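*Asks:* Here it is, the structure, as structure tokens.
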Amino acid sequence: MSDETMYKHMKDLPSSRLLGTGTPMCAGCGGLLAIHQIYDILGEKTVLVNAAGCMTLLAVYPHTPFRGSWLYTSMASAPAGAQGVRDALDVQLARGRIKPDEDLQVVVLSGDGAAYGMGLSSTSNAIEQDLDFIYLCYDNEGYANTGQQSSPATPHGARTSTSTGPRGFGGHKKDLFAIWAAHRPAYVATVIGTEPVDLARKIEKAKGLKGPRLIIALSPCPTGWDFDPRETVEIGRLAVKTGIWPLKEYENGKVTHTKLPSRRAPVEEYLVKQGRYAHLFKPARNEAMLAEIQAGVDGYWAEVEADHG
Ligand SMILES: Cc1ncc(C[n+]2csc(CCOP(=O)(O)OP(=O)(O)O)c2C)c(N)n1
Ligand code: SF4
Ligand SMILES: [Mg+2]
């Protein structure tokens, strides 16, 4: 299926249908869009180890949209939970209690607050131990579940419930891709649910590898980013078209960009659609801040282009 056909299909699909019925998620949730596609590829032979966040609300006992296994952990300890599950599976395999074809893929599922912040030290240890697991981070750029506070993934200048001043969030989004790559894991990739072909290729690849693997899915969040749920697909596409969300992968010590926008759209086209950046446009345009954000994106791509010769 082409990207265009997929977009049309996504636009027609109510978000409540994305993962079974009765999910308590917001309409137009970009995280759910990505997880739905990823889970379709990973399949039911997975154990999801889910750190506290929006997606823990998907499984409310006794109901769950996941056809495989699911385990809840605290925010900081999902990779430690994954280690326990992997160890238990390995013991069962060694004792012949499960056959190799009954083995399960261990997948941490967490938001950016856990992946970029609270869970980072247990993640670092899991990578160092060469844990055989996939870490799937849906990155909605804030602590969404507890009221849209800033997280270490919040972009510079965005308004959150804890950065309400005229300049928005004063910090800068942490580079989780680089932090993981510095550990030399098996695989690291960025994806977005609105680029389904790129996403599918990367998940298929991650599924076939062993060792620590990270997937970071930028997840447009209508509630936290303040936009109409109908705009999720458009905002996701603009994140890639403006170059603010580079699609890339790391493998064998090398970073490859999987989609090089031939003519990048001005980043303003992405920002203006989101209420979290409204203070940059009204009551007066904040030219300095808009130029600063654009310069950050331009600087990133200038380095990429230099590397590509
Ligand atoms: C140690 C700890 N501190 C705070 C909380 C409260 N808490 C539950 S979910 C959540 C937000 C998590 O943010 P993120 O990981 O980005 O997931 P999202 O809510 O955005 O889906 C917080 C702060 C917690 N569960 N554990
Ligand atoms: S708050 Fe954002 S990430 Fe959480 S369910 Fe709603 S749209 Fe999705
Ligand atoms: Mg979050």
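The values are calculated or read from the model by the stated rules, or taken from the named source; none is laboratory data. Note that the coordinates shown come from a computational prediction; the quantities given were computed from them, not determined experimentally. Using ideal geometry, Cβ is built from the backbone for each residue, glycine included, and neighbour counts are taken over all protein chains shown. Heavy atoms of the whole protein, side chains included, go into the accessibility calculation; ligands, DNA and RNA do not. Shrake-Rupley method; radii C 1.70, N 1.55, O 1.52, S 1.80 Å.
*Asks:* For residues that are under 19 Å from the mean Cα position of the chain (by Cα) and β-branched (Val, Ile, Thr), scanning just the range 58-107, find the one that is nearest to Asp132 (Cα to Cα).
*Replies:* Val106
*Asks:* If we only count strands (runs of 3 or more DSSP E) wholly inside the range 193-309, which ones have 1 or more residues that are open to solvent by 60 Å² or more (accessible area, probe 1.4 Å) and out of contact with any Cys (no Cβ under 9 Å at 6 or more places or on another chain)?
*Replies:* 254-257
*Asks:* Which count do you get for residues in the range 54-69 that are open to solvent by less than 50 Å² (accessible area, probe 1.4 Å) and more than 10 Å from ligand 1 (Cβ to nearest atom)?
*Replies:* Residues meeting the conditions: 5.
*Asks:* On the given criteria, is Ser161 among the hydroxyl-bearing types (Ser, Thr, Tyr), buried (at least 18 other Cβ atoms within 10 Å of the Cβ), closer than 14 Å to Arg276 by Cα and touching a strand residue (DSSP E or B) at 6+ places or on another chain (Cβ under 6 Å)?
*Replies:* No, not satisfied.
So that you can scan it fast, the table gives a plain yes or no per residue for (1) more than 22 Å from Gly30 (Cα to Cα); (2) in contact with a Ser or Thr (Cβ under 9 Å, 6 or more places away or on another chain); (3) surrounded by 15 or more Cβ atoms within 10 Å (Cβ to Cβ):
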{"residue": "Leu71", "(1), (2), (3)": "yes, no, yes"}
{"residue": "Gly96", "(1), (2), (3)": "yes, no, no"}
{"residue": "Pro100", "(1), (2), (3)": "yes, no, no"}
{"residue": "Gly111", "(1), (2), (3)": "no, yes, yes"}
{"residue": "Ser122", "(1), (2), (3)": "yes, yes, yes"}
{"residue": "Tyr135", "(1), (2), (3)": "no, yes, yes"}
{"residue": "Gly142", "(1), (2), (3)": "no, yes, yes"}
{"residue": "Asn145", "(1), (2), (3)": "no, yes, yes"}
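*Asks:* Now, a different point. Take the residues of the range 156-165 that are part of a loop (DSSP other than H, G, I, E, B), under 17 Å from Thr223 (Cα atoms) and free of Cβ contacts under 8 Å to residues at least 40 places away in the same chain: which is farthest from ligand 2 (Cβ to nearest atom)?
*Replies:* Thr164
*Asks:* Name the residues in the range 166-182 that are open to solvent by less than 30 Å² (accessible area, probe 1.4 Å) and outside any helix (DSSP H, G or I), would you?
*Replies:* Of everything in the range 166-182, those that are open to solvent by less than 30 Å² (accessible area, probe 1.4 Å) and outside any helix (DSSP H, G or I) turn out to be Gly168, Gly171.
*Asks:* Follow-up question, since we're still on this one. Say we look at the range 73-94 and pick out the residues that are small (Gly, Ala, Ser) and over 18 Å from Ala115 (Cβ atoms); which of these is most open to solvent (accessible area, probe 1.4 Å)?
*Replies:* Ala94
*Asks:* Cβ-Cβ distance below 7 Å, separation of 6 or more or different chains: which pairs start in the range 41-64 with a residue that is among the basic types (Lys, Arg) and end on one that is more than 9 Å from ligand 1 (Cβ to nearest atom) and open to solvent by 30 Å² or more (accessible area, probe 1.4 Å)?
*Replies:* Listed by first residue and then by second, the contacts come to Lys45/Leu104; Lys45/Gln105.
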